[in-house]
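Below: one structure, written as structure tokens.
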Amino acid sequence: MRIIFFGSSEFSIPSLEGLINSRHEVLALVTQPDRKKGRHLLMGPPATKKLAIERKINVLQPERADSAIDGLTQMRADLFVVVSFGQILSKKVLSIPRFCAINLHSSLLPKYRGAAPINWAMINGDSVTGITVMRMNEQMDKGDIILQKELKIGESDTSVELGERLARIGAEGLLEAVDLIENGKACYACQDEGKATSAAKLKKAHGLIDWKRRTGEICNMVRGLQPWPGAYTYIGKDLIKIYKAEAIDGGSLDKGALPGAKPGQIAALLGGKGIVVKTFDGYLKIADLQMEGKKRMPAEEFLLGHKVKVGEVLKARP
């Protein structure tokens, strides 16, 4: 199969590499233009571009895929493969390949249509997620399903770790789907619109912790909002991002614990080894955190350099 690959993020890489290493021919990579990145806003390429250059794959970086229609048509591709590309393809673009355009999506569609399915599966406390390979249409994530693979979400997984595992099984599923299409064995199942849910693009506000929520819900936020925007709160005037936290039993608090703590109050410091905060229904131990503009560190190290007191209130704003 002659394939043009559309992809930009790290999630795309296992799929692109798998296709390059397969018996199929990758004619070109279509990816986003180089953008300014990082604290110093230096120009940087999409994650997939480096791999394509290393493997001598032609790279196209149009602002909009529609502007590259002539070039895409001239390559006479059998199939377009789209994985975390970052643009919605128009009907004109989707009509170019001989067979169709297919997309790898990181959820069990129609659940979690949208930009952040991995994060929302974890934020919502799901125990199972997966990948879907679908035949694309011009509507976002509404194409007919070719195949799906399930994956269990581990209790200690973060969205970063889960994304890496989904990318690997997604690459396997993608190759299976390409072979099914080539051999005329692909079945296309309509999605059940009655079961559709949304996975909206994340905003910074999604990371703000409401300490009146249940402990498990806050733990899911911490796990599911990495690497951005991160689950965060304020100690005094300082924004603090929390990277690792766990629910603990109130009976395990030390002698200096605050009796009758209210949600958001620091209830204990566990002898300087952990920051325990009262939630709606229990206690949450902060084990790994980062003050804005500083490095990430264990709570024990943080407490050595910062004056944090039992009874202090973690807030929604400085």
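The values are calculated or read from the model by the stated rules, or taken from the named source; none is laboratory data. Bear in mind the structure is a predicted one, so any value in this text is a computation, not a measurement. Cβ sites come from the backbone with ideal geometry, for glycine too, and all protein chains shown count toward neighbours.
Output yes when any residue across the stretch 282-304 is aliphatic (A, V, I, L, M), surrounded by fewer than 16 Cβ atoms within 10 Å (Cβ to Cβ), within 29 Å of the chain's Cα centre (by Cα) and at pLDDT below 95, and no when none is.
Among the residues of the stretch 282-304, not one is aliphatic (A, V, I, L, M), surrounded by fewer than 16 Cβ atoms within 10 Å (Cβ to Cβ), within 29 Å of the chain's Cα centre (by Cα) and at pLDDT below 95, which makes the answer no.
Pick out the one residue from Leu175, Leu108 that is part of a helix (DSSP H, G or I), farther than 21 Å from Tyr243 by Cβ and touching a Gly at 6+ places or on another chain (Cβ under 7 Å).
Leu175
Can you report the number of residues in the stretch 139-155 which are part of a loop (DSSP other than H, G, I, E, B) and either within 24 Å of Val26 (Cβ to Cβ) or without any contact (Cβ under 8 Å) to a residue 40 or more places away in the chain (or both)?
6
Testing Trp211 on (1) in a helix (DSSP H, G or I); (2) surrounded by 19 or more Cβ atoms within 10 Å (Cβ to Cβ); (3) not assigned by TED's automatic domain parsing to the domain that holds Thr158, one condition comes back false. Which one is that?
With respect to (1) in a helix (DSSP H, G or I); (2) surrounded by 19 or more Cβ atoms within 10 Å (Cβ to Cβ); (3) not assigned by TED's automatic domain parsing to the domain that holds Thr158, Trp211 is out only on (1).
Across the stretch 3-42, which residue is nearest to Leu175 (Cα to Cα) among those that are among the acidic types (Asp, Glu) and within 23 Å of the chain's Cα centre (by Cα)?
Glu17
For the stretch 75-92, state whether one or more residues are of a type in the set (Asp, Glu), more than 25 Å from Ser198 (Cβ to Cβ) and modelled with pLDDT of 95 or more.
Scanning the stretch 75-92, I find at least one residue that is of a type in the set (Asp, Glu), more than 25 Å from Ser198 (Cβ to Cβ) and modelled with pLDDT of 95 or more, so the answer is yes.
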